[in-house]
Amino acid sequence: MEAMEEELKCPVCGSFYREPILLPCSHSLCLSCARNILVHTPDSESPQSRRASGLSSSDYDYLDLDKMSLYSEADSGYGSYGGFASAPTTPCQKSPNGVRVFPPTMPAPHQPHHHSSGALLPPPPRHQCLTCPQCHRSLLLDDRGLRGFTKNRVLEGVIERYQQSKAAALRCQLCEKSPKEATVMCEQCDVFYCEPCRLRCHPPRGPLAKHRLLPPAQGRVSRRLSPRKISTCTDHELENHSMYCVQCKTPVCYQCLEEGRHHSHEVKALGAMWKLHKSQLSQALNGLSDRAKEAKEFLVQLRNMVQHIQVTQENSVEFEACLVAQCDALIDALNRRKVQLLARVNKEHEHKLKVVRDQISHCTVKLRQTTGLMEYCLEVIKENDPSGFLQISDALIRRVHLTEDQWGKGTLTPRMTTDFDLNLDNGPLLQSIHQLDFVQMKVPSLVPAPPMLQLEECCTHNNSATLSWKQPPMSMVQAEGYILELDDGNGGQFREVFVGKETMCTVDGLHFNSTYNARVKAFNKAGVSQYSKTLVLQTSEVAWFAFDPGSAHSDIIFSNDNLTVTCNSYDDRVVLGKTGFSKGVHYWELTIDRYDNHPDPAFGVARIEVMKDVMLGKDDKAWAMYVDNNRSWFMHNNSHTNRTEGGITKGATVGVLLDFTRRTLTFSINEEQQGPVAFESMEGLLFPAVSLNRNVQVTLHTGLPIPGFYTSRASIQS
C-alpha cells in the first residue's frame, strides 16, 4: 500500500488530495490548488487581440515553448468543457513534488477608462486560464469556473481508505481533549465512542435503543462499504448519470441525450460499461503484475551479480600480483605497458559495477512506480460508484498498458556479465611488447545450428497453421529456445509470432485463401542461428465453422455440435460464428428447421462487439437481412432498405455470401438471389451472425462452393 502513496498526492501542494477535481486531460487537482494557480487574463491580452493590435510575443513573459507545449482542443485530441488554448502564461515555479506549476497572477490595479465624452468605462472583462501541472495543457474556463469540473470521488474514496488503513487505532470522536481509544461505533449515528462517552452521550434507552452498535474495526469496514452519493450531471445538476457516451468517454444523463451535446452520440448502459472497464483494467493489471514479478526476480539476480563482482574484486588482488611478477620479468618497455594494463583491469571492474548498479537503480525506480500504480488501480477497482469509476478508467487502462510496454523485451536482461575473462599472454617477443594485451580465458560457446522443419507434421486448417521443427540430428550445440516468423500473406516482411522452448506452434487468425511463408531459428547465450528453410503454407479457400457458444447471448440454445441453434426467449437474441473473415469470398447457408407464428429472424455478418440482445442490424456493428413468410428487408444501424417479396417457411434455405474482393454482401433464399446486392464497402474482421427467438430453429452449413447465381452474374459483369 505504501508504494501507492505517490498516486494519492497533489502535484501542486505535495499533500494528499483534498476535494480533488478531474481535469479534461484525466489528471486530478485539489480544488484549493486549482484556485491558487488560476491565471486571470483580460480580453485585451488574448492571443487574438494581440494579433489584431500587432503586439509581438516578446512583449509577454512566456515559458520556453520547447519545454512546454500548449494545445488547443482541436489539436490535442481532448474533449474539454472550456477547451485547451495557448493562453498567456506567467513565470512558473516548482511544487513540493518537483512538478512545474503556474502561480496566480496579481491583478493589476484597474486604470479608469475614459470615454471621449468623459464618462468612466467599466474595466475590461477577464478570462480564467488553468494549466495542468502534470501535462502542462492550458484550459480556458467558461462562466462556471471551477464548478464545471467533476469531483473525483473515486480518488477521494481511495485516499480515505488508505488513511484509515494507516491509522494505528480508532479514537473516540466525542472526547474533548486527548481522545481515548474507541470501543464501539454506532451504525446509525456514524460516530465512534469510547466507553465513558457512550454511556454519557448514547444511552441504551429511548429512541437510541434501536441503534446498532458495532466493534470499531467492523464499523470502519461498514463505513467504507457504505454507498456513496450518486453523482449528478455537470450540465444538468438535478439529473443523475444514467448512461455512458462512448464517443466522449464520459457518463451522461438523459437530458444530455435529448437536448445536450451528446444527443447524436453512441451511448451504452452505465452499469454495463462500468463492468466492462473494470474487466479491462483487471486484465491489463494481470500483464503488469507479471512484469512486476519478473522485475523482483530480476533485481535479485542483479544483486547477486554485485556480490559476485565484489568477490571477483577480492580475487583480482592475486591476479594483479601475478601480473606484476610477469611484467617485472620483462624489459623496461614492458614496465611502461604494465601500468596501462593495470589501469585497464581497474577500469573494467569499475565499469561492470557502475553498469549493474545503474541498472539496479533504474529498475528499482520503475518497480516502485509500477507497484504504486498497481495498488492504486486495485483500490480503484474496489470502488462501487460506476460513474466515478468510468471518469478515470480509460486513463488508468492506458497508463497500465503503457507501463507494461515499458517492461518490454530487453528491460529485464542484465547489461553486464560478472566474469573477468582476461589472461596475460607473455609469449610475444620483446619487439612485440607494445602489442601486449589481454586475451579471453574462455572460448565462447558456439551458436546452435539452424532448426529443421518437420514437413510431415506441418499443416493448415481453415485459417490456422501448425508448424513443427527440431534440431539437426548431428548438432552438438544445445538450443535454449526458438523464434518462429511468418510474413503477412502478401509477400511482405516477416514478423515474430512465437518465441519459446517448444518445438511446435499453432498460429490462428490468418487470412483465408492466402499463401504464407514461415521460417524458424534457434538461439542460446552465444547468439542466434541461421534461419531454417522457408516453408510455404496455403490456408483454406472455404471455411468450415460452427456457432460460437462463448460469444453468444445466454438465451441461445446449442445442439448438433453447435451447428443448430434456437432460443428460450420470445425476444431476439444474437449468435455469431466461431470464425471471422477479413479476406476472400465466403458462402454459407442456414436451413430453417422450425418456423412458428411468423417471427422475423435475421441473417448476416457482424463485428465481435455487436449487441446480443436485439435483432441483428439494430446497431452499426451488423449488416443483416430480416425476413418473414412473405417478404424481406436489409437492415444496418436500424435503417431498413430494399423491401423484397418472397419469404421463408419451414425447410427453406437462406444463403449468405460475403465477398471481400468486391467488398459486397449478398443474400439468397432457396438458392435464388433475394433482392439486389445488400451492402457494399464491407471491410474489417466480420463474423457470420444470426438473430432469432424461441419460434425459430436453424442449422448451419459451411464449406460450400460459391453458388451459381453469383458466379454467373460475376461472369456477365466481367
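Things to note:
- Taking the square roots of 5 times each eigenvalue of the Cα gyration tensor of the range 169-223, largest first, gives ellipsoid semi-axes of 17, 15, 7 Å.
- Length released on extending from S569 to F494, taking residue separation times 0.36 nm less the Cα-Cα span: 22.2 nm
- Only protein heavy atoms count here; on that basis, with a 1.4 Å probe, D358 has an accessible area of about 70 Å².
- Kirkwood Rh in Å, taken over all unlike Cα pairs in the range 564-668: 14.3 Å
- Dipole magnitude of the range 549-612 about its Cα centre (Cβ charges: Lys, Arg +1; Asp, Glu -1), debye to nearest 20: 340 debye
- Normalised alpha carbon radius of gyration of the range 359-407 [divisor 2.2 N^0.38 Å]: 1.31
- For the range 596-718, taking Cα atoms only, Rg and Dmax work out to 13.9, 44 Å respectively.
- The accessible surface of the range 457-612, taken with every protein chain in place and a 1.4 Å probe, is 49 percent carbon and sulfur.
- Rounded to the nearest 10 Å², the accessible area of H511 at probe 1.4 Å: 60 Å²
- Each eigenvalue of the Cα gyration tensor of the range 478-558, multiplied by 5 and square-rooted, gives one semi-axis; in descending order these are 33, 18, 9 Å.
- Distance in nm between pseudo-label sites at N629 and K354 (7 Å out along the Cβ direction from Cα): 8.9 nm
- Using a simple spin-label model with pseudo-atoms 7 Å out from Cα toward Cβ, V306 and T591 lie 7.3 nm apart.
- The magnitude of the dipole of the range 441-515, with charges of +1 and -1 set on the Cβ of Lys/Arg and Asp/Glu and taken from the Cα centre, is near 320 debye.
- Using a probe of 1.4 Å on the protein chains alone, the accessible area found for H308 is around 90 Å².
- Residues of the range 552-633: accessible area per residue with a 1.4 Å probe, Å²: 39 Å²
- Spacing of the two label points (7 Å from each Cα toward its C-beta) at K525 and E541, in nm: 5.3 nm
- Within the range 565-603, backbone nitrogen closer than 16 Å to the virtual label 7 Å beyond the Cα of V677 toward Cβ: 584-586
- Heavy-atom accessible area with a 1.4 Å probe sorts Y587, Y254, Y531, largest first, into Y254, Y531, Y587.
- Taking N as its residue count, the alpha carbon Rg of the range 432-584 over 2.2 N^0.38 Å: 1.59
- Selection from V355, V380, S393, by position along the positive dipole direction of the range 355-397 (Cβ): V355
The values are calculated or read from the model by the stated rules, or taken from the named source; none is laboratory data. Just so we're clear, the structure is a prediction, and the values are computed from it rather than from any experiment. As a convention, Cβ positions derive from the backbone with ideal geometry for all residues, glycine included, and neighbour counts pool all protein chains shown. Side chains are part of the model used for accessible areas, which takes the heavy atoms of the whole protein and leaves out ligands, DNA and RNA. Shrake-Rupley method; radii C 1.70, N 1.55, O 1.52, S 1.80 Å.
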